[in-house]
Structures are given as structure tokens and as C-alpha cells.
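The values are calculated or read from the model by the stated rules, or taken from the named source; none is laboratory data. This structure is a prediction, so every number in the text was calculated from the model and none was measured. Because the Cβ atoms are built from the backbone with ideal geometry, glycine has one as well, and the counts that use them run over all protein chains shown. Please note that ligands, DNA and RNA were not included when accessible areas were found on the heavy atoms of the full protein model with its side chains. Shrake-Rupley method; radii C 1.70, N 1.55, O 1.52, S 1.80 Å.
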Amino acid sequence: MYAASLYGLKRAAIILPVAWTGAWLGYYAYTDTLRRSHIRERNRELSHTLMGLPDEGPDYSRPAEEIEREALKKRYSSLKFAGRYWNPYVEWREQGAWEWALWKIIISTITLKLFYNGGVPPERPIPDLPLERPDFSLLYPSSSSSAEKQSSSSTNRNPGSGGSNVDVTDKLTLTWLGQSTSYVTLDNLTILTDPALSDRTLPSRIAPQRLRPSPCELSELKRVDVVLVSHNHFDHLDPEAIKELGDSCEWFVPKGVAPFIRKFGVTRVTELDWWEQSQHTLSRPGQKDRQFTITAVPTMHWSARSPLDTNATLWAAFHVKSHTEKPKSFIHLGDTGYSPTLYHAVGRVLGPIDLGAIPIGSYEPRWHMHLQHTDPEGAVRMALQMKVGKSVAQHWGTWLMSDEAYNKPPLDLEIARQKLDVTEDQFCVLPAGKTIVVE
């Protein structure tokens, strides 16, 4: 009796994991077949349109450039099935939890990287991860007494104000605050991207800790008009930042992310699908209103706050353009793998772009990471394809969550710049906290 029970348990220990894995592999095979069928149909339609052979006949009443842009938007529109978003790109393949386990548990053990820390030295601060204070005198050109007054009131943000009475520079600037968090000024509009300034990605000691501290406190950003959130991963969206900023600013997020933001009492949040636009008006006392167009842009990534909501919400880049005599533009990519066809399309639809915040880190091992995180060469190629005038490296040197050495992304970026004949002025690496002006 005992032997039979033991034999049954052994069989179950073998059969159940195999059945579970087989069921998931079958699911992935089925959904990927459907996904690729959609891609083939989209490619066929795009090809016919660009060749002047759309299904319903060519439309000669519109300019060719407009027809091309609309065709590209349709080809690279979001794709959703059974409540989950898919990446509509040929390069993509679904990556289940089993692949992460293969990397983190099996391969990392074999290659002795299970507890690899990226070669991070023990001393702090880390010598080759420089840290600066943002140039607040440039960002907020006001008297010292006024600055002190603003600073004292900035910690308690008034709903709907965003510090709108604070004067900011009219110049196009970017201050990198670590990971994908940047503070941008564009024609007097202040933009905060992927707000995550906490020491750890999660309130747990097992979560990754910052390699260098945040260059400033969120309260020191005296005015935030707009927050752009690329997706809901922990290193891109910190609940503490949501609580502090609240309704003092306007939040722009991909489809499905708004309920998470609203959970913290925020009401000024706008969801956008890929290529969907929102018009934002900046109203300042004694000044003429300024208009901006904010566009959600497709990227190649994924989303999740837990294992149960994987890809239930969309991911997106955001493009901001001012409507002035000399318009300026900025694109925030967040996280993305490199797809040459996608970023060629983005360049055709939105380029040229004055300033881009482009990720360069978290790209090894390439067999697993290349679909969700570009390497530096891919970052340079997408900047060229999007016709970005000035690119600033993001998503590196903050939290270590992949296998490359902590200081490797800038080194690989330099190799990529030389290979693709791009100057450091065109695509630069900044110390965390540094403020630059884009002329």
C-alpha cells in the first residue's frame, strides 16, 4: 500500500510539471500563430497601400505622405486578444515565465552568474557612476528669495496647480534623474517621465537597490505640468511618486494603466492607445496659452505589476510637440527592444525629432533580452531612423537587473557610435542629475 502510494506520488511529480509545461507551450504556439497571421495581413495591406494598390482603390485626393503615414499607423496599431496585448512585430516571440526561469535558475547556475552583481565595486559612491545636482538656477530662473518661497511650498503640491506659478526656462532642456526618469522643459512646459526615484524598485530588501542615489527629491522639482508613463513596471512607475504628485499635474499613460493611477486618488489621467493624440493646453498667469500635442507611440516591450496581469495593459513611448512659431519636439521611449521596421515607421510619421530619451541598458543575455531591451547599437540605429537631433542615454546605471556589467552600456554605446558614424554630441551619456540645454 505504502509502495503504491509512493509510486503514485513519483508519477505525479513527473507528469504534472510536464503536463503544465506542455499546456503552456501549446497555448503559446496557438496564440503566436494567431499573432503572426495578423502580422501577415497587416503587412499585405501596407504593401498594397504603399504600392498604390489599396483594397478599395487608390485615393488620389490626399498627398502621398499623408497616405503613407496613415498606412504606417494602421500597420503598427496595437493588437489585443482575449484581454491581453500582443507585440505586432515579426521580430517578437512570446517569452513565458519558463524562459525567465531557464535564464535565472538554470543557465545562471551553470555559468556561475546566479549571484552575479555586475562587477559593482563595494565602495560608494561608485567612481565611474557620477552624480550631479540638477541645475535648478537654469531650470527656475528666479530670485533666491522667490526660489526659497517656492521650495517651501513645493512639498505640498496643490491639486491642479503643478506649481504653475513657478517660472521655468523657455529653453529645451533635459535632466536625467536615473533609469528612465527625466525632467524635460519644452517651450515652458515641464515634463516628468517614468517617475521612479525611490531607493529600491519594491519596498523589500530583496528588490534591486540603486547603484547611485537619486540626484534630487521629487519635491525639488518645483513645477511638473505633465507626467508621461511608458508602462507599469516597477522601475518605471513608483506608487510613492503617484501619491506625492497626485492631481498637481496631468498624467498621460498607455491603455489600461489609468485604474492603477486612480487607485491613489488621481483624477487627472488620460489613457492613450498607440498613435492616439491628446491636446494639452499650458495656461500661465499673464501669458498667452500654449498648445502641445502628445502622441502615444508603439514600442516593443510588455507590461505587468504581478504574474496575473501580464500584458493586460499597453506599453508606449510618448512624443510631445509644441505649436509655436518654431515648434520643438521630444520623444520618451521608456523600454523597448529594437525593431528596424517599427522605428523606420516612427521616423516617417513623427520625424525629425529634436530630443530623444533612449534606453541603452539591461540587454544581456541577448538571447533573452533583445526583444524587450535594445542594446546600445540598436539604440543608435533607432535614433537615426527616427531622425532624432539629440539623444540622451537612459535605463542604465541605476538598478542592476540583467547580466551585463554595471558600466558596460556606455562602453558599448561608444563602439556603436563609431560603427555608425554618430558623434557624442548626437547621442550622449550624462551623469545622473546633469542638466543639458539642446540648442
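Taken over the stretch 351-364, the criterion of being touching a Ser or Thr at 6+ places or on another chain (Cβ under 8 Å) and open to solvent by less than 30 Å² (accessible area, probe 1.4 Å) is satisfied by I353, L355, G356, A357, I358, P359, I360, G361, S362, Y363.
What single numbered condition from (1) in contact with a strand residue (DSSP E or B) (Cβ under 7 Å, 6 or more places away or on another chain); (2) open to solvent by 10 Å² or more (accessible area, probe 1.4 Å) fails to hold for G246? Only one criterion in (1) in contact with a strand residue (DSSP E or B) (Cβ under 7 Å, 6 or more places away or on another chain); (2) open to solvent by 10 Å² or more (accessible area, probe 1.4 Å) is unmet by G246, namely (1). In the set (1) over 29 Å from D187 (Cβ atoms); (2) at pLDDT 95 or above; (3) open to solvent by 10 Å² or more (accessible area, probe 1.4 Å); (4) in a loop (DSSP other than H, G, I, E, B), V422 fails one condition alone, (1).
Look through the stretch 212-224, keep the residues that are open to solvent by 20 Å² or more (accessible area, probe 1.4 Å) and part of a loop (DSSP other than H, G, I, E, B), and return whichever of them is nearest to L177 (Cα to Cα). Looking at the filtered set, the residue picked out is S214. It is to be established whether one or more residues within the stretch 309-317 are among the acidic types (D, E) and either within 19 Å of V438 (Cβ to Cβ) or surrounded by 15 or more Cβ atoms within 10 Å (Cβ to Cβ) (or both). Yes, because at least one residue in the stretch 309-317 is among the acidic types (D, E) and either within 19 Å of V438 (Cβ to Cβ) or surrounded by 15 or more Cβ atoms within 10 Å (Cβ to Cβ) (or both). Cβ separations smaller than 9 Å between residues 6+ apart or across chains give the following pairs from the stretch 271-295 residues that are over 12 Å from S322 (Cα atoms) to residues that are assigned to a loop (DSSP other than H, G, I, E, B) and among the aliphatic types (A, V, I, L, M): E271/V257; E271/L314; L272/L314; L272/A316; D273/L314; D273/A316; W274/L314; W274/A316. Within the stretch 379-393, residues that are in contact (Cβ under 8 Å) with a residue 12 or more places away in the chain have Cβ atoms under 8 Å from residues that are among the hydroxyl-bearing types (S, T, Y) and assigned to a helix (DSSP H, G or I) in these pairs: R381/Y343; M382/Y343; Q385/Y343; M386/Y343, counting only partners at least 6 apart in sequence or on another chain.
Flag: R262 does not match the condition of being open to solvent by 40 Å² or more (accessible area, probe 1.4 Å) and in contact with a Gly (Cβ under 9 Å, 6 or more places away or on another chain). When the residues of the stretch 291-306 are narrowed to those that are part of a strand (DSSP E or B) and surrounded by fewer than 21 Cβ atoms within 10 Å (Cβ to Cβ), which ends up nearest to the chain's Cα centre (by Cα)? Across the stretch 291-306, the extreme among qualifying residues is T293. Among residues of the stretch 48-101 being open to solvent by less than 60 Å² (accessible area, probe 1.4 Å) and among the hydrophobic types (A, V, I, L, M, F, W, C), the one that is modelled with the lowest pLDDT is A101. For the stretch 350-360, the criterion of being part of a strand (DSSP E or B) and over 16 Å from the mean Cα position of the chain (by Cα) is satisfied by at least one residue. Of all residues in the stretch 199-209, none are within 23 Å of L355 (Cβ to Cβ) and in a loop (DSSP other than H, G, I, E, B). Residues that are of a type in the set (K, R) and within 19 Å of the chain's Cα centre (by Cα) were ranked within the stretch 387-419; the one that is surrounded by the most Cβ atoms within 10 Å (Cβ to Cβ) is K390. Of all residues in the stretch 252-266, those that are closer than 21 Å to V297 by Cα have Cβ atoms under 7 Å from Cβ atoms of residues that are of a type in the set (G, A, S) and surrounded by 21 or more Cβ atoms within 10 Å (Cβ to Cβ), 6 or more apart or on another chain, in P254/A296; P254/A316. Of all the criteria given as (1) modelled with pLDDT of 80 or more; (2) over 29 Å from V429 (Cβ atoms); (3) not small (G, A, S), the one not satisfied by I126 is (2). Within the stretch 293-303, none of the residues are out of contact with any Phe, Trp or Tyr (no Cβ under 8 Å at 6 or more places or on another chain) and among the small types (G, A, S). Selection within the stretch 61-94: residues that are assigned to a helix (DSSP H, G or I) and in contact (Cβ under 8 Å) with a residue 60 or more places away in the chain. The member of this set that is nearest to T49 (Cα to Cα) is E68. Is it the case that D235 is within 19 Å of K321 (Cβ to Cβ) and open to solvent by 10 Å² or more (accessible area, probe 1.4 Å)? Taking the combined requirement at face value, the residue does not satisfy it.
Every residue, every condition in (1) modelled with pLDDT of 95 or more; (2) in contact with a Gly (Cβ under 9 Å, 6 or more places away or on another chain); (3) under 24 Å from N117 (Cβ atoms), yes or no:
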| site | (1), (2), (3) |
| --- | --- |
| V380 | yes, no, no |
| Q385 | yes, yes, no |
| G389 | yes, yes, no |
| L413 | yes, no, yes |
| Q418 | yes, no, no |
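Among the conditions (1) open to solvent by 20 Å² or more (accessible area, probe 1.4 Å); (2) assigned to a helix (DSSP H, G or I); (3) in contact with a helix residue (DSSP H, G or I) (Cβ under 7 Å, 6 or more places away or on another chain), Y338 misses just one, which is (2).
Within the stretch 399-417, residues that are more than 24 Å from D238 (Cα to Cα) and of a type in the set (K, R) have Cβ atoms under 8 Å from residues that are open to solvent by less than 10 Å² (accessible area, probe 1.4 Å) and assigned to a helix (DSSP H, G or I) in these pairs: R417/V380, counting only partners at least 6 apart in sequence or on another chain.
When the stretch 386-419 is limited to residues that are in a loop (DSSP other than H, G, I, E, B) and polar (S, T, N, Q), the one that is nearest to I331 (Cα to Cα) turns out to be T398.
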